[in-house]
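Student: The structure that follows is given in the form of structure tokens.
The values are calculated or read from the model by the stated rules, or taken from the named source; none is laboratory data. Everything numeric in this text was worked out from a predicted model, so none of it was measured. Neighbour counts are summed over all protein chains in view; Cβ atoms, including those assigned to glycine, are modelled from backbone coordinates with ideal geometry.
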Amino acid sequence: MHYFVTGATGFIGRFLVERLAAHKDAKIHVLVRESSRDKFEALVERLGDKGACLEAVSGDITAPGVISAADLKRLKGKIDQLYHLAAVYDMNMDDETADRFNIEGTRNVVQLANDLGGKLCLNHVSSVAVAGGNFVGTFTEKMFEEGQSTIHPYFRTKFMAEKIVREEARVPFRIYRPGTVVGDSTTGEIDKVDGPYYFFKTIQRLSTKVPKWVPLLGVDGGRVPIVPVDYVVDALDAISHKDGLDGQCFHLLQSPGPTVGELMSVLFEAAHGPEFASTLSLPTLPPLMRRASAKLTGVIPESMKHSISKTIGIPVSVLAYITNRAVFDDRNTRAALKGTKIHCPDIHDYADKLWAFWEHFLDNDYHPSKHTMHRLQGQVVLITGASSGIGFVTAKKLAAAGAKVILVARTREKLEDTQHIIQANGGEAYVYPCDLTDLDAIDVMAAAVLKDFGHVDVLVNNAGRSIRRAVAESYDRFHDFQRTMQLNYFGAIRLIMALLPSMVHRKQGQIINISSIGVLANAARFSAYVASKSALDAFTRCLSAEVRAQGIHTTAIYMPLVRTPMIAPTKIYSYIPTKSPDDAADTVIRAILEKPKSIATPLGTMASISYALWPKVNDYVLSKGFQLFPSSSAARGAKEKNKDKAQPKPTLEQVVFANVFKGEHW
């Protein structure tokens, strides 16, 4: 079967082409602008062996005819399915751009479909935006011209594009109206911040600043027509190959969609943030007020709209979802998909995938100062544990400030993901996989780094293993102490000793060890972890006196509890105040810039002083915490594993205690 796809290198297009390539004897003709040849090559590479079924066809939807006369002659009568996905989706777009791509571009593609003729079916990807921004009630798949307001350039041009297909196509056609498309429901993959993603940064900040036990009041709002990209392409693929559906329209979305309040609640849950105690319902404006509001929005100068958008970090039009009162039914789509086992997943089932992908790949909101960039430009910084948590965020920020970042961790694939993210944002990163529990492997890795770079300016010993288990629960687990010491102590000093000679030779360098507040406070249940960090601490204090005169600085960062994958297994930590990886990375950068002997929170410093002056008082406080916060089921043993499957909510006493001793490990 022969396919022709516009917009194939876009977000939905890449997924659709991958589905089409799975069909037997598929031949996919991809419309490619000359400036997008590299994107086509990336698409071919993405498909691997199946990429051989792709053929680039030079052209541009904004040009009359779209493709050359020679290509038209060659493909005439041979195309079975034409998928039109190429469009501009930007809620801040101007009218001229919207008209050129979404209206004239669609008109040109419809004419191309007419010219290709034969048995071709035109599959036009429209949008639920055709309903406008102020429609109230149920918008069905049979509805189109309902007198709705389409003042916004995106709403207007998507409406006009669909109108062109309906009125000007002389070949069979089918229309698809996706809702707000988000990432893949299994991987979370998406290529840019859009739609609900505009709220992710605010959710992240609130989740790290507001304790989970603090109930929030949300806004119920309208229903969000959300849909994961994999459902869109699965449905598009299945429906386009089914007989007897020409001339029909299909809504592709979760039905019923979540309200704004429900969506915010599930996203806060994915971010390990506070819960919503209740939501506030906003009243529906009368028709006269809605029309007046739409007209007022239409006369606001574009410069003012952009200014408002920049201030709040969200396109003004996106805020319309808060009061949206349109509900989209998808009965026709469900009927067309009957028997295919294709259905739209609920946002509750994949929100965590969306959040994880965004936080890992798209959360790059860091703008270093000129001073920071001047100090870090060209610095060679080696970070262990660079594929997740503190190390991952630190690597991104250092690279953004101009440092050459050497990424070290055990898994090459995860390091290459980090490298790709850094390079995509203009940074410089290099991958050196290494098992840091293997001392010989550390020597080999360090030698390779020194051969390639000649030196390391800053070593950040961040990789670590943490075990939360009481000594009484560890009688038969001596290996816990061995494994923790092997990585946190022996691995770290082996790397220090491998890099130190070059630092001594150059008479400059810095060693930063990510230690723990537990070292200062003697945290109960963390004897294995704290002992290993304390050993590294003692070694480095001794080393510091030996190398200070040679221009080498050492810094210990006594990190409080940080929300990283390392603490995820301890469920009660969801309710305990923690530092964000973002804040932790800022602390590491401050250590590089200021080169202090140590960095600790006020609580950590106070704990260290109190233990020296009033050890019995210190023990009393720690003992109280030990009793208040129980061991996990895993720590207690296999027989206990089924006792606390549910998320344990803290008592008032636990909440007060955790906030008084904020950042401590319990």
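Student: Would you mind finding the one in 513, 461 that is in contact with a strand residue (DSSP E or B) (Cβ under 6 Å, 6 or more places away or on another chain) and free of Cβ contacts under 8 Å to residues at least 60 places away in the same chain?
Tutor: 513
Student: A follow-up question, please. Let me confirm something: among 349, 363, which residue is under 18 Å from the mean Cα position of the chain (by Cα) and in the same structural domain as residue 257 (by TED's automatic domain parsing)?
Tutor: Selected residue: 349, the only one of 349, 363 that is under 18 Å from the mean Cα position of the chain (by Cα) and in the same structural domain as residue 257 (by TED's automatic domain parsing).
Student: Any idea which of 126, 149 is assigned by TED's automatic domain parsing to the domain that holds residue 238, in contact with a Phe, Trp or Tyr (Cβ under 9 Å, 6 or more places away or on another chain) and farther than 30 Å from residue 1 by Cα?
Tutor: Only one candidate qualifies: 149.
Student: I'd like to check something: does region 85-95 contain any residue that is at pLDDT 90 or above and either within 22 Å of residue 229 (Cβ to Cβ) or assigned by TED's automatic domain parsing to the domain that holds residue 164 (or both)?
Tutor: Yes, that holds for at least one residue.
Student: Determine whether region 6-18 contains at least one residue that is more than 20 Å from residue 229 (Cα to Cα), under 29 Å from the mean Cα position of the chain (by Cα) and surrounded by 13 or more Cβ atoms within 10 Å (Cβ to Cβ).
Tutor: Checking region 6-18: not a single residue is more than 20 Å from residue 229 (Cα to Cα), under 29 Å from the mean Cα position of the chain (by Cα) and surrounded by 13 or more Cβ atoms within 10 Å (Cβ to Cβ).
Student: Applying the selection to region 363-375, what residues are part of a helix (DSSP H, G or I) and in contact with a helix residue (DSSP H, G or I) (Cβ under 7 Å, 6 or more places away or on another chain)?
Tutor: Selection gives 372, 375.
Student: Considering only residues that are modelled with pLDDT under 75, under 28 Å from residue 250 (Cα atoms) and buried (at least 19 other Cβ atoms within 10 Å of the Cβ), which ones fall in region 180-226?
Tutor: 221 - this is the single residue of region 180-226 that is modelled with pLDDT under 75, under 28 Å from residue 250 (Cα atoms) and buried (at least 19 other Cβ atoms within 10 Å of the Cβ).
Student: Filter region 128-158 for residues that are surrounded by 19 or more Cβ atoms within 10 Å (Cβ to Cβ) and more than 22 Å from residue 255 (Cα to Cα); which is farthest from the chain's Cα centre (by Cα)?
Tutor: Out of the qualifying residues, it is 149.
Student: If I ask for residues that are outside any helix (DSSP H, G or I) and either at pLDDT 90 or above or crowded, with 24+ Cβ neighbours inside 10 Å (or both), which ones from region 496-525 would you list?
Tutor: 507, 508, 509, 510, 511, 512, 513, 514, 515, 516, 525
Student: Taking the stated definitions as given, is residue 411 under 27 Å from residue 376 (Cβ atoms) and surrounded by fewer than 17 Cβ atoms within 10 Å (Cβ to Cβ)?
Tutor: In short, yes.
Student: Only one of 446, 463, 441 is within 28 Å of the chain's Cα centre (by Cα) and either under 18 Å from residue 394 (Cα atoms) or part of a helix (DSSP H, G or I) (or both). Can you tell me which?
Tutor: Unique residue meeting the criteria: 463.
Student: Further question on the same structure: What is the residue count in region 478-489 for residues that are buried (at least 18 other Cβ atoms within 10 Å of the Cβ) and in contact with a helix residue (DSSP H, G or I) (Cβ under 7 Å, 6 or more places away or on another chain)?
Tutor: Residues flagged as buried (at least 18 other Cβ atoms within 10 Å of the Cβ) and in contact with a helix residue (DSSP H, G or I) (Cβ under 7 Å, 6 or more places away or on another chain) within region 478-489 amount to 4.
Student: Restricting attention to region 19-36, which residues are within 30 Å of the chain's Cα centre (by Cα) and either within 20 Å of residue 78 (Cβ to Cβ) or crowded, with 18+ Cβ neighbours inside 10 Å (or both)?
Tutor: 20, 21, 30, 31, 32, 36 - these are the residues of region 19-36 that are within 30 Å of the chain's Cα centre (by Cα) and either within 20 Å of residue 78 (Cβ to Cβ) or crowded, with 18+ Cβ neighbours inside 10 Å (or both).
Student: Something else now. Give me the residue from region 581-590 that is closer than 10 Å to residue 393 by Cα and surrounded by fewer than 21 Cβ atoms within 10 Å (Cβ to Cβ) and, out of that set, modelled with the lowest pLDDT.
Tutor: Within region 581-590, the match that is modelled with the lowest pLDDT is 583.
Student: Follow-up question, since we're still on this one. Kindly establish whether residue 450 is assigned by TED's automatic domain parsing to the domain that holds residue 556, in contact with a Leu (Cβ under 9 Å, 6 or more places away or on another chain) and surrounded by fewer than 20 Cβ atoms within 10 Å (Cβ to Cβ).
Tutor: So residue 450 fits the description; yes.
Student: Any chance you could count how many residues in region 19-36 are touching a residue at least 40 places away in the same chain (Cβ under 8 Å) and in a strand (DSSP E or B)?
Tutor: 2
Student: Here's a follow-up. Can you tell me which residue in region 87-127 is nearest to the chain's Cα centre (by Cα), limited to those that are over 30 Å from residue 77 (Cβ atoms) and β-branched (Val, Ile, Thr)?
Tutor: 88
Student: State yes or no: is residue 41 more than 15 Å from residue 16 (Cα to Cα), in the same structural domain as residue 240 (by TED's automatic domain parsing), without any contact (Cβ under 8 Å) to a residue 12 or more places away in the chain and not hydroxyl-bearing (Ser, Thr, Tyr)?
Tutor: So residue 41 fits the description; yes.
Student: Check 47, 116, 31 and return the single one that is touching a strand residue (DSSP E or B) at 6+ places or on another chain (Cβ under 8 Å), over 30 Å from residue 148 (Cβ atoms) and at pLDDT below 95.
Tutor: After applying the criteria, what remains is 47.
Student: Yes or no: residue 538 free of Cβ contacts under 8 Å to residues at least 12 places away in the same chain and surrounded by fewer than 19 Cβ atoms within 10 Å (Cβ to Cβ)?
Tutor: Here the answer is yes, as residue 538 does meet what is asked.
Student: Here is a check on your reading of the model: is residue 171 closer than 22 Å to residue 226 by Cβ and surrounded by fewer than 22 Cβ atoms within 10 Å (Cβ to Cβ)?
Tutor: So residue 171 does not fit the description; no.
Student: Which of (1) farther than 12 Å from residue 55 by Cα; (2) of a type outside the set (D, E, K, R); (3) not in a helix (DSSP H, G or I) is the odd one out, the single condition residue 16 does not satisfy?
Tutor: (3)
Student: For region 51-140, give me every one of the helices (runs of 4 or more DSSP H) that falls completely inside it and has 2 or more residues that are of a type in the set (A, V, I, L, M).
Tutor: Those helices (runs of 4 or more DSSP H) span 69-75, 105-116.
Student: Moving to a separate point now. If you go through region 47-68, how many residues are surrounded by 13 or more Cβ atoms within 10 Å (Cβ to Cβ) and more than 18 Å from residue 105 (Cα to Cα)?
Tutor: Final tally of qualifying residues: 7.
Student: Conditions: (1) part of a loop (DSSP other than H, G, I, E, B); (2) at pLDDT 90 or above. Residue 415 meets all but one. Number of the miss?
Tutor: (1) is the only condition that residue 415 fails.
Student: Considering only region 1-13, how many residues are under 15 Å from residue 81 (Cα atoms) and part of a loop (DSSP other than H, G, I, E, B)?
Tutor: 3
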